[in-house]
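This report refers to the structure that appears directly beneath it.
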Amino acid sequence: MFIATLIAADRLSSGDVSAAEDALSAANVQTMGRQWLEEDVACDLLIANNPAGSRAVLEGLIPGVDVVVQGEADRRKALLVADMDSTMITIECIDELADYAGLKVQVAEVTELAMRGDLDFEQALDARVALLKGLEEQAIDRCHAERLSIMPGAKALVRTMRANGAQCLLVSGGFTRFADKVAAEIGFDRAIANRLEIEGGQLLGTVARPIVGAQAKLDALLETAAALSLPPEKVLAVGDGANDIPMLEAAGLGVAYRAKPRTQAAADARLDHADLSALLYAQGYMRREWVA
């Protein structure tokens, strides 16, 4: 059996759910009933066949509603692996840090190309960090205090999963000076990120090796799952950029969050409307089970 979860950013009506059932029926998908996870927000449809076809039918069917289609078994995950920039937080840290050096436009253009998969991530990171050479170290703390916000739903997602025994790992192509604080604030077990090299209170314009890119993110997922003796089906991964694609493909449920086109195409599901708390509904958590 399979479950299609409909999750609204605003409101999901009974009529919307009926429209989804009718659309599935027209595509020869057999539905076996519905269950509300939260009235007017999230509803499960139990389906008997054709999960891929069901996803194709349901995505974009109801305005403002996301859909996650998956197997009924192993729905609740025991490991979360999450990207940071533009996923768990609302900004790209390197772009905002570059603004303190008067270089945001130049750096942001390269970031966008790298996240879309049009540039090699490691080369793009080196090029952007080189532009920050000579920036005062204190700009990092200023950037964190003045620009960084946690993505809506992130705390509920991580804290609820951990309260139910899951491990939560933050993996970032960004920097430890941001990731360590973000991980602590949200509630992750640990964080992996790149280390900016600093001397005499100024950025040297270099990043310590090895760089945390797509391969490192994938390795972190695989190694953590192996250490916990977890099969891929028990792993949830979420990210937005091209450097997240390998870990999304390796996870039992890989979710593209407000993601670039290539990342959306590679993921098992996409969230374009609802916030990160949608990933709790996707795992079958009812609202009353959430940990604030």
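Based only on Cα atoms, what mean projected area does the convex hull of the chain have, in nm²? List each step's numbers first, then the result.
Details: hull surface 58.4 nm².
About 14.6 nm², averaged over all directions.
Net charge near Gly254: determine it from the other residues with C-beta under 9 Å of the C-beta of Gly254, scoring Lys and Arg +1 and Asp and Glu -1.
Numbers: positive: none; negative: Asp244, Glu249, Asp268.
Cβ neighbours under 9 Å give a net charge of -3.
Relative to the longest principal Cα axis of the chain, at what angle does helix 121-130 sit, 0 to 90 degrees, rounded to 10? Value to nearest ten degrees: 40.
One Cα centroid belongs to the stretch 1-68, the other to the stretch 254-288; the line between them spans 15 Å. Taking all C-alpha pairs of the stretch 66-150, those more than 15 Å from each other amount to 66 percent. Could you compute the net charge surrounding Glu146? Neighbours are other residues with a C-beta less than 14 Å from the C-beta of Glu146; K and R count +1, D and E count -1. Surrounding charge for Glu146 is 0.
With the cut-off at 1.5 for a/c, could you classify the stretch 251-292 from its C-alpha gyration tensor as rounded, prolate or oblate? Prolate, since a/c reaches 1.5 and a/b exceeds b/c. Quick note on the stretch 175-292: its Rg to Rh ratio, both from C-alpha atoms and Rh being the Kirkwood radius, is 1.01.
Between the helical axis of 14-26 and the longest alpha-carbon principal axis of the chain there is an angle of about 80 degrees.
Using only Cα atoms, find the angle between the long axis of helix 214-227 and the longest principal axis of the chain, and express it within 0 to 90 degrees, rounded to the nearest 10. Relative to the chain, helix 214-227 is tipped by roughly 60 degrees. Its Kirkwood hydrodynamic radius, worked out from the mean inverse distance over all distinct Cα pairs, puts the stretch 15-132 at 17.9 Å.
Each Lys or Arg adds one and each Asp or Glu subtracts one; over the other residues with Cβ under 14 Å from the Cβ of Ala166, this totals +3. Calculated [222 nm] ellipticity per residue, helices only, for the chain: -11000 deg cm²/dmol; basis is -39500 (n - 2.57) per DSSP H run with n ≥ 4, divided by all residues, nearest 500.
Find how many whole Å separate the alpha carbon centroid of the stretch 73-131 from the alpha carbon centroid of the stretch 153-231. Between the Cα centres of the stretch 153-231 and the stretch 73-131 lies a distance of 13 Å. In the stretch 1-133, taking the dipole from charged Cβ atoms about the Cα centre, the farthest positive-side position among Ala56, Leu119, Cys93 is held by Ala56.
Summary of packing: across the peptides 240-248, 200-208, the per-residue average of other C-beta atoms within 10 Å ranks them, highest first, as 240-248, 200-208.
Straight-line cross-link reach from Lys104 at under 16 Å between alpha-carbon atoms covers these lysines, not counting any fewer than eight positions away in the same chain: Lys133. Taking 7 Å steps out from each Cα toward its Cβ at Ala23 and Thr90 produces label points 2.9 nm apart. Taking a ≥ b ≥ c as the square roots of the eigenvalues of the Cα gyration tensor, the stretch 1-65 is prolate, since a/c reaches 1.5 or more and a/b is larger than b/c. Loop-located trypsin sites (Lys or Arg not before Pro) in the stretch 58-143 (DSSP state other than H, G, I, E, B) with a sparse environment of at most 14 neighbouring Cβ atoms within 10 Å: Lys133. For Lys234, the aspartates and glutamates whose Cα falls under 15 Å of its own Cα, not counting residues fewer than eight places away in the same chain, are Glu72, Asp74, Glu223, Glu249, Asp268.
On alpha-carbon atoms, Rg over Rh for the stretch 172-243 using Kirkwood Rh? It would help to have the intermediate numbers written out before the result.
Numbers: Rg = 14.2 Å, Rh = 13.8 Å.
Using Cα coordinates only, the ratio equals 1.03.
Distance distribution P(r), the stretch 129-207, all Cα-Cα pairs, bin width 10 angstrom from 0: 18, 43, 26, 12, 1 percent.
Once all protein chains are placed together, Glu59 keeps about 60 Å² accessible to a 1.4 angstrom probe.
The values are calculated or read from the model by the stated rules, or taken from the named source; none is laboratory data. In this text, all values refer to a predicted model and were calculated from it rather than measured experimentally. All Cβ positions, even for glycine, are placed from backbone atoms using ideal geometry, and neighbour counts span all protein chains on display. Surface areas here come from the heavy atoms of the whole protein model, side chains and all, with no ligands, DNA or RNA. Shrake-Rupley method; radii C 1.70, N 1.55, O 1.52, S 1.80 Å.
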